[in-house]
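Q: My questions will all concern the structure given below.
The values are calculated or read from the model by the stated rules, or taken from the named source; none is laboratory data. Keep in mind it's a predicted model, so treat the numbers as computed, not measured. Don't worry about glycine lacking a Cβ; one is built from the backbone with ideal geometry, like all the others, and counts go over all protein chains shown.
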Amino acid sequence: MIVGGGLAGLAAAVGLGTQGIPVTLLESRARLGGRASSIVDRTTGETIDNCQHVTMGCCTHFAHFCRTTGLDRFLKTEPALYFIGPDGTIDEFSANSWPAPLHLAKAFGRLRYLQFRDRVAIARGLRDLARTPPARPDSRSFAEWLRDHGQTPAAIEYFWHVVLVSALSDSLDRIDVSHARKVFVDGFLKTRDGWQVQVPTVPLETLYGVELVRWLESHGVTLRLQTGVERVTSTVDRVTGIELRGGASIAADDVILAVPHTLVPTLLPAGLIDHPSLTRLQQLETSPIASVHLWFDRPITDLPHAVLVGRLSQWIFRRGTNDSLRAAGESQDSSAYYQVVISASRDLDGIPAEGIIARVVDELAEIWPEARRARLRHSRVISEHRAVFAPTPGVDALRPAQQTILANLQLAGDWTRTGWPATMEGAVRSGYLAAENVLRRRGRSVRIRPRDPAPDFLPALLFGLS
Ligand SMILES: Cc1cc2nc3c(=O)[nH]c(=O)nc-3n(C[C@H](O)[C@H](O)[C@H](O)COP(=O)(O)OP(=O)(O)OC[C@H]3O[C@@H](n4cnc5c(N)ncnc54)[C@H](O)[C@@H]3O)c2cc1C
C-alpha cells in the first residue's frame, strides 16, 4: 500500500508495478502528481500547472521513470537556453563540440553581462567546488564558501545565485555546500548533457493524471483518489495497514508512506516519530516558490523561455496550445500564455497579487516593449509556501532513510535521504529505493534504479570525480 500520489509514491508504484507486485495507492486529493500537478483556471477554463516543472539531463532516474511509462514522448529538450542580462541583452547558451567540462566554456564566454574577471573567478570556483569531496560535512553556507573562494560580487549575483535559486529554491546564505556542488557537478561538469533542460509539452495533469494512470492501471496498480489516510496502524514491531479519515481500516503487508515531510509526524504509528532516526525530521525547513501566470492578447517575445538575470522574475516560459492550433488553422486566437517563476519567494509575502503582477509585467516590458503594448487579458499568482525542503547547511543529517525501524514500513518523498535536492528526480529516487526495500523484504533482490552515469573521461581526470 502506498500513501501519497506525488512523484515519490508514483515512482514506487511504477517500480513495484514492473515487478508484478499488486499495489494500492491512496491519494487524498482528486488528482495525482502532488506538488507537480495542474489546476483548472476558472477564468480561461485552461488546465494550467501549479508552476512550470522542468527536468535536466542529469536527472537520470526521472528520465528512467518517464521512459518506463512512456511519458518521455511529452518532454522536449531545449537545444539552447536564453539568458537575459541585467541590461536586457539576450545571450544564447548552448554546448559546443568539446568534451565535458569544456563543452560549456564558450557558452559562459558569451554571457556579456559577466566581465573577464568574473568569468575567471567562476572557472576557479567551479574547479574548487568539483574538487571538494562530496560527503565532507561543511558547516559553512554556500554564501560563505563563495566568499572564501574569491568570488566577485557580479559572479555571485549573476551566476551562482541565478543557477542555485532556480535549482534549490533558496538564497545562497541558506544553501548547503554539498547541495550546491551537486547542482554544478552533475549539471555542468560531469557529463556533456547534464545541463540540458527538458520541458513538458503538455500540462502535468496529462502526464500524471491521464497517461501515467493508464500505465499504472495496466500494471496491477489500484488507484484510490480522494482517499485521505488518517494514520498508519501497527503492532509493536510491524505495520498492519492504514486507517482512513472516517475510520475505515485497510490491512497491508507493506506500507510506503509518501507524503510531504510536514505531514509525516501525524501519520506515523504512535511513538515512531520519537525514534532517533526520525526526531530531526521536524527541523527540516521549507522554501516557497511563486509562479505568475500571464495571458496576453499577443506574444511578447519569440523565445520559448528565458532566464532573467538580476531581476525579481527568474524564468519565463511560453505555455499553451494555441500555437499548434493556429498552425493547423484551427484557431484564430493570437493570445499568448506565459508563466514566470520566482523561487525562494519569501520577499513576496504580504505583497498583494496585483502588486507582484505589475512588477513582473514592468520587468518584462523593460526587456520586450511588446509586453507594454499588449493587453493583459488575465493574470494570477500561485504561491506554494511549502514548495520544497530548504537546503540549509547540514540538511542531509535531518533526512531519514526510506527504511524505517519497522521492517514493513518505508518512507518516500523528495525529503528522504537520496543525495538529491527537492526535485522530481529526488522524489523518483526515493520511490524506487522504497520499492527496492519492499522487494528485498520479499526475498527479491531486484535493482529498479538505473545506474548513475559515470563521469566523462576529462572531468574524472581533472577533478577526481568517480
Ligand atoms: C512550485 C514548485 C515548482 C517546482 N519546480 C520543480 C522543477 O522545475 N523541477 C523539479 O524537478 N522539481 C520541481 N519542484 C519540486 C517537485 O515538485 C517535488 O520535489 C516533487 O514533486 C515532490 O514529490 P513527492 O512525491 O516527494 O511529494 P508530493 O508531491 O508532495 O506528494 C505527496 C502526496 O501525498 C498526498 N497526501 C498528503 N497527505 C495524505 C494523506 N493523509 N493521505 C493520502 N495522501 C496524502 C498529497 O496530496 C500529495 O499528492 C517544484 C515544486 C513546486 C511546489
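Q: Surrounded by 14 or more Cβ atoms within 10 Å (Cβ to Cβ) and modelled with pLDDT under 95: which single residue out of S331, S291 fits that description?
A: S331
Okay, residues lined up against (1) in contact (Cβ under 8 Å) with a residue 12 or more places away in the chain; (2) under 25 Å from S166 (Cα atoms):
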site: T222; (1), (2): yes, no
site: L225; (1), (2): yes, no
site: G247; (1), (2): yes, no
site: G271; (1), (2): no, no
site: E285; (1), (2): yes, yes
site: R311; (1), (2): yes, yes
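Q: Take region 421-448 and flag every residue that is more than 9 Å from the ligand (Cβ to nearest atom), part of a loop (DSSP other than H, G, I, E, B) and on the phi < 0 side of the Ramachandran plot.
A: Across region 421-448, the qualifying residues are R442, R444, S445, V446, R447, I448.
Q: Could you figure out which of (1) small (G, A, S); (2) assigned to a strand (DSSP E or B); (3) at pLDDT below 95 isn't true of G241?
A: Of the numbered conditions (1) small (G, A, S); (2) assigned to a strand (DSSP E or B); (3) at pLDDT below 95, the odd one out for G241 is (3).
Q: Something else about it: Pull up region 1-34, narrow it to residues that are small (G, A, S) and not in a loop (DSSP other than H, G, I, E, B), then point me to the one that is farthest from the ligand (Cβ to nearest atom).
A: The extreme case among them is G17.
Q: Does T68 meet the test of being more than 15 Å from the ligand (Cβ to nearest atom) and either closer than 25 Å to G419 by Cα or among the small types (G, A, S) (or both)?
A: yes
Q: Sticking with this one: Does region 406-416 include one or more residues that are farther than 30 Å from P265 by Cα and among the polar types (S, T, N, Q)?
A: no
Q: If you go through region 252-266, how many residues are surrounded by fewer than 19 Cβ atoms within 10 Å (Cβ to Cβ), assigned to a helix (DSSP H, G or I) and within 9 Å of the ligand (Cβ to nearest atom)?
A: Going through region 252-266 one residue at a time, the tally reaches 2.
Q: I want to confirm something. Restricting to region 44-65 and keeping residues that are closer than 30 Å to R447 by Cβ and hydroxyl-bearing (S, T, Y), which single residue is farthest from the ligand (Cβ to nearest atom)?
A: Only one residue fits best here, namely T60.
Q: Okay, next question. Scan region 146-165 and give yes if some residue there is in contact (Cβ under 8 Å) with a residue 40 or more places away in the chain and of a type in the set (G, A, S), otherwise no.
A: yes
Q: Related question: Working only within region 369-390, note down all residues that are within 12 Å of the ligand (Cβ to nearest atom) and not basic (K, R).
A: Listed by number, the residues that qualify are V381, I382, S383, E384, H385, A387, V388, F389.
Q: Take region 85-114 and flag every residue that is closer than 17 Å to Q196 by Cβ and in a helix (DSSP H, G or I).
A: L102, H103, L104, A105, K106, A107, F108, listed by residue number.
Q: Taking K76 and the conditions (1) away from the ligand (no atom under 12 Å from the Cβ); (2) over 27 Å from S94 (Cα atoms), which numbered condition does it fall short on, given that it satisfies the others?
A: Exception for K76: condition (2).
Q: In addition: How do the strands (runs of 3 or more DSSP E) wholly within region 44-84 filter down when requiring 2 or more residues that are surrounded by 17 or more Cβ atoms within 10 Å (Cβ to Cβ): which remain?
A: By residue number, 47-49, 81-84.
Q: With the checklist (1) closer than 20 Å to V232 by Cα; (2) charged (D, E, K, R); (3) buried (at least 19 other Cβ atoms within 10 Å of the Cβ) in hand, flag the one item R441 doesn't pass.
A: (3)
Q: Then there is this: If you go through region 35-43 one residue at a time, do you hit one that is within 26 Å of V239 (Cβ to Cβ) and either modelled with pLDDT of 95 or more or more than 9 Å from the ligand (Cβ to nearest atom) (or both)?
A: yes
Q: Can you spot a residue in region 392-405 that is surrounded by 19 or more Cβ atoms within 10 Å (Cβ to Cβ), within 30 Å of D173 (Cβ to Cβ), β-branched (V, I, T) and within 13 Å of the ligand (Cβ to nearest atom)?
A: no
Q: Can you name every residue in region 123-143 that is over 25 Å from the mean Cα position of the chain (by Cα) and either polar (S, T, N, Q) or over 18 Å from G419 (Cα atoms) (or both)?
A: Answer for region 123-143, where residues must be over 25 Å from the mean Cα position of the chain (by Cα) and either polar (S, T, N, Q) or over 18 Å from G419 (Cα atoms) (or both): A123, R124, R127, D128.
Q: Considering region 124-161 alone, what residues qualify as being small (G, A, S) and surrounded by 15 or more Cβ atoms within 10 Å (Cβ to Cβ)?
A: G125, A130, S141, A143, A154, A155 - these are the residues of region 124-161 that are small (G, A, S) and surrounded by 15 or more Cβ atoms within 10 Å (Cβ to Cβ).
Q: Okay, moving on. Report whether or not A353 is without any contact (Cβ under 8 Å) to a residue 60 or more places away in the chain, surrounded by 14 or more Cβ atoms within 10 Å (Cβ to Cβ) and in contact with a Gly (Cβ under 8 Å, 6 or more places away or on another chain).
A: Against the criterion (without any contact (Cβ under 8 Å) to a residue 60 or more places away in the chain, surrounded by 14 or more Cβ atoms within 10 Å (Cβ to Cβ) and in contact with a Gly (Cβ under 8 Å, 6 or more places away or on another chain)), A353 does not qualify.
Q: Suppose we filter region 185-215 for residues that are among the aliphatic types (A, V, I, L, M) and touching an Asp or Glu at 6+ places or on another chain (Cβ under 8 Å); how many remain?
A: So the answer is 3.
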